[in-house]
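The structure appears below as structure tokens.
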Amino acid sequence: MEKPMLYLLTALGCLLGLTLVAMLLGRRRPTTGRSPGPRVDPRRIEVGDIVEIGDLTYPVRGSIRLVEGEWTWAEHLLDDPDGRCRLSVAESPEFELVLWWSESGDAGTAGAPVIGFAGRRFSWRESGEARYTATGDTGLAPSGIMRYHDYRAPGGARLTFEAYGESGWQVARGERLDRAEVIVHPQSR
């Protein structure tokens, strides 16, 4: 075989090999140093599961399941350093995930038509009373009644006042999450 033909075949072989390697690398997903493992629907979160939101991971330390008439939703207390974070999972009427942070200080009067808080203007959305059951580390009785007043600001920001049993109002602000932002890694299944 002549040298030019040998060089041409070698060059074509190298090009084909590089193309194949590039295609395989392009299909690989970036890794975060841990195995993705099984994942579950956020509607099936249990105490002990790991919830990944963006670059942060949180163990679920407690869950509160709520029922009001035909509506059901859950509040999952996430074990963050400040102990102030929770994830609500609801279908009322559409599937919705909201990340909440407990707030201290005066946020206004529960039930007011409009509340100015954290530089935003929140308008009353709904109020009600739901029965709850609690599991894990929630600081609540195993079951009881929860009262609430919910507010929304332009852009979808949330504000809620909640009172469990005979306790006073607790305030939390929230931001709606896209389904793709929340990954649940089951730990006990």
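Read the figures in this text as sums done on the coordinates, not as results from a lab. It should be emphasised that the depicted structure is a prediction, and the values quoted were computed from it without experimental measurement.
Key figures for this structure:
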item: Contour excess over end-to-end distance, with Cα ends at Ile183 and Ala163 and 0.36 nm allotted per residue; result: 4.3 nm
item: Region 117-189 shape via C-alpha gyration tensor axes, a/c threshold 1.5; result: oblate
